[in-house]
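Have a look at the structure below, then the notes.
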Amino acid sequence: MHRRKFIASAAAAVPLAIACKRQAVGPPNGLKLSVTCDMFRGSERRLPVDTIDRTDPRPDPGVQYTPDEGLALAKSLGYEGFEMFDWRDDRERTAYAAAMRKHGMAAVCITANKGVLAPGCSLTDPGEREGFLREIADASSVAAEFACQRLVVLTGPKREGMSRAEQMDSCVAGLREAVPILERAGTTIVVEPINTLVTRPGLFLAGAREGFKMLRRVDSPRVRLLFDIYHVQVTDGDLILQIRNNIDLIGHFQIGDHPGRMQPGTGEINYRNVFRAIYELQEAGKFDGYAGLEYHPSVPLPQTMAEVRQLATFS
């Protein structure tokens, strides 16, 4: 089902969307927000469903937005960026390039790996190092076309027959080898830990604490952490202190509540307080990046995007 066929069920979101649009005239006094393009894909969406009963909570799972429609919606609600479109798909890449120019939106980050498991280009396997560096070079070239500065990187799966220390050494070595490519291209890697308790059993890097230790060993401003608030809550908790104590190593945030990986307010995370902590660091000049929406909303997309814009805005 296309967006235009969804007018009736999305009607409840209109008053809030209009209010947020008015508020968004000029730069909002809050976090810089982005939205993952997967949230526009409807039934073609690739994000795992992490609800307790594994059922999709979206009231409108078949509704799709074209790149033009999706970025128009984001712009109208005070969002400044979009992220993680499929740059390997020529049609999608071309469509988002045109929509980005039309609506004046920023391409915040793209994914460098070929898939979550990073087939043939993982960091945990030294034998895939060449493949990893090739993907970083290719993604950096595309990023330059979009004036995009961040490349999302996943470490890949745990390896049988290798100790965790050996796999960590391989990750550190691979990231260090990527630094010259990043410096030439003006891009930055943001390494994403993904929880293995709910979402992706078998992946190597699951928590922010271990991720920060990895990045301190890499010791380069070109390698930072993608602090996905949902994943970190599942694995580590202690969100605000981790953010405050390691903001120098955080290059990007992503948003989702726990349990269920739905919109803020559906779970245990006090998102107003978390957003305020990030906003204070932003105001202090310690963070200049974005927070991107990446979840399955249990309300229509325009409604949840408007609500998050308000939640992340401070007067």
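The values are calculated or read from the model by the stated rules, or taken from the named source; none is laboratory data. All figures in this text were calculated on a predicted structure; none of them were measured in a lab. No Cβ is skipped: glycine too gets one built from the backbone with ideal geometry, and neighbour counts run over all protein chains shown.
Within the range 206-263, track down each residue that is among the hydroxyl-bearing types (Ser, Thr, Tyr) and farther than 24 Å from HIS296 by Cα. Let's see the steps before the verdict.
Step one: list which residues in the range 206-263 are among the hydroxyl-bearing types (Ser, Thr, Tyr), which gives 220, 230, 235.
Of everything in the range 206-263, just one residue is among the hydroxyl-bearing types (Ser, Thr, Tyr) and farther than 24 Å from HIS296 by Cα, namely SER220.
Checked across the range 174-188, the condition of being within 19 Å of GLY260 (Cα to Cα) and among the polar types (S, T, N, Q) holds for no residue. Picking from residues in the range 124-151 that are of a type in the set (Val, Ile, Thr) and surrounded by 21 or more Cβ atoms within 10 Å (Cβ to Cβ), the one that is farthest from ARG93 (Cα to Cα) is THR124. Annotation note: of PHE287, PHE314, the sole residue that is aromatic (Phe, Trp, Tyr), at pLDDT 95 or above and out of contact with any strand residue (DSSP E or B) (no Cβ under 6 Å at 6 or more places or on another chain) is PHE287.
Quick check on the range 272-315: of everything there that is of a type in the set (Phe, Trp, Tyr) and in a loop (DSSP other than H, G, I, E, B), which residue is farthest from GLY62 (Cα to Cα)? Full working, then the answer.
At the first step, the residues of the range 272-315 found to be of a type in the set (Phe, Trp, Tyr) are 275, 279, 287, 290, 295, 314.
Filter once more, keeping what is in a loop (DSSP other than H, G, I, E, B): 287, 290, 295, 314.
On the way: PHE287: 36, TYR290: 28, TYR295: 16, PHE314: 34 Å.
Per the stated criteria, the residue is PHE287.
So for the range 196-206 (the condition being closer than 24 Å to PRO119 by Cα, in contact (Cβ under 8 Å) with a residue 60 or more places away in the chain and charged (D, E, K, R)), does at least one residue qualify? Within the range 196-206 (the criterion being closer than 24 Å to PRO119 by Cα, in contact (Cβ under 8 Å) with a residue 60 or more places away in the chain and charged (D, E, K, R)), the answer is yes, since at least one residue qualifies.
Can you report the number of residues in the range 107-123 which are within 17 Å of GLU294 (Cβ to Cβ) and surrounded by 18 or more Cβ atoms within 10 Å (Cβ to Cβ)?
Step one: of the range 107-123, the residues within 17 Å of GLU294 (Cβ to Cβ) are 107-113, 115-116.
Remaining after also requiring surrounded by 18 or more Cβ atoms within 10 Å (Cβ to Cβ): 107-113.
Looking only at that region, the number is 7.
Hey, could you check the range 152-162 for residues that are of a type outside the set (Val, Ile, Thr) and within 17 Å of THR196 (Cβ to Cβ) and say which is surrounded by the fewest Cβ atoms within 10 Å (Cβ to Cβ)? So the residue we want is GLU160. Of all residues in the range 81-112, those that are touching a Lys or Arg at 6+ places or on another chain (Cβ under 9 Å) and assigned to a loop (DSSP other than H, G, I, E, B) total 6. Among all residues of the range 130-144, there is at least one that is touching a strand residue (DSSP E or B) at 6+ places or on another chain (Cβ under 7 Å), β-branched (Val, Ile, Thr) and within 18 Å of LEU71 (Cβ to Cβ).
Would you mind stating whether ARG224 is on the phi > 0 side of the Ramachandran plot and in contact with a His (Cβ under 8 Å, 6 or more places away or on another chain)? Spelling it out, it is not the case that ARG224 is on the phi > 0 side of the Ramachandran plot and in contact with a His (Cβ under 8 Å, 6 or more places away or on another chain). In this entry, GLY237 passes the filter for residues that are out of contact with any Asp or Glu (no Cβ under 8 Å at 6 or more places or on another chain), closer than 28 Å to PRO57 by Cβ, modelled with pLDDT of 95 or more and not basic (Lys, Arg).
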